[in-house]
Amino acid sequence: MSAHLPNTKILVTGASGQLGLTIQEVSKSYPEYEFVFADKKVLNIVNYNDARDYITNIYPDVVINAAAYTHVDLAESNEESAYAINKTGASNLAQICKEEQIKFIHISTDYVFDGQSTLPYIETDRASPVTVYGKSKYAGEEAIHKICPEVYVIIRTSWLYSIYSHNFYKTMLRLGKEKDEISVVNDQKGTPTLANDLVKAIMDIIPMLDNSNRGVYHYSNEGETTWYAFAKAIFEISEIEVTINPVSSNAFPTVALRPKHSVLDCTKIVKIFDVKQPFWKDSLEGLFY
């Protein structure tokens, strides 16, 4: 694993979101880096001129784009907003990073796939998103590839959770305290990914980024499970007593279709950057002990 680069300034967009808040937490362990955290109140990535003025004023060495429209169901009726942030915003940042020779790290999603595979997705598998959210995120990826900054990586992740913002983990903890019995879908497979692990992987990647290893990567925790088994593990580890019933996805119809299979193959990122990929349940336990 490469040593960290001193005097590196890192701009993080989407600072008030789940990933942005996690980066703020983890950043305390990297005093050799100078971090600038920007939310949408101070950095409007959808407006190219505004974004360019902001970025050239602070002139970072690296931009981590953690800003995203992530409301999967709401995106179906707010397509313009989803594309504005997930495509236009990503495109603007990529263009600015290319012009100013800034390294660019963009976070994407397993939703760029249709979830019909029975094997873990590799980076070269054909993207075929079926939701507005997935389509807008993939449009952002395509825009970045077309602009092609000198140094950039796109990291797709899945089932992200943390102690921040809204996510499955926090929802289960709340429901476990409010109800005696709940039902959770058991026919969707994926890998819960602790945001802290993703951030640590990003931090380890930064000093090794160059023109030779730019492109798309997958990162999640190791292993695979179902939402039901994930919920069961949350309750067991947190020692919350609640009856949990496994049910079909049909029991919880959603506006946007959820992928049946979201497991990502992370061989490439581990091989090239030697990042750690903890087993999902070990990372979950780490939140409690």
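Some points to look at:
- Hey, residue 102 of a type in the set (Val, Ile, Thr) and farther than 21 Å from residue 266 by Cβ or not: yes
- Residues of segment 243-280 satisfying the condition of being assigned to a helix (DSSP H, G or I), over 16 Å from residue 198 (Cβ atoms) and open to solvent by less than 70 Å² (accessible area, probe 1.4 Å): 249, 251
- Flag for residue 200 being basic (Lys, Arg), closer than 23 Å to residue 262 by Cα and free of Cβ contacts under 8 Å to residues at least 40 places away in the same chain: no
- All positions within segment 266-288 that are over 19 Å from the mean Cα position of the chain (by Cα) and small (Gly, Ala, Ser): 286
- Segment 96-132, residues that are of a type in the set (Ser, Thr, Tyr), in contact with a Phe, Trp or Tyr (Cβ under 9 Å, 6 or more places away or on another chain) and open to solvent by 20 Å² or more (accessible area, probe 1.4 Å): 111, 128
- Pair list, Cβ under 8 Å, 6 or more apart: segment 203-232 residue under 23 Å from residue 138 (Cα atoms) and open to solvent by 10 Å² or more (accessible area, probe 1.4 Å), other residue outside any loop (DSSP other than H, G, I, E, B) and acidic (Asp, Glu): 216/141
The values are calculated or read from the model by the stated rules, or taken from the named source; none is laboratory data. These figures come from a predicted structure and were not determined experimentally. As a convention, Cβ positions derive from the backbone with ideal geometry for all residues, glycine included, and neighbour counts pool all protein chains shown. We work out accessible area using only protein heavy atoms, side chains counted, and drop any ligands, DNA or RNA first. Shrake-Rupley method; radii C 1.70, N 1.55, O 1.52, S 1.80 Å.
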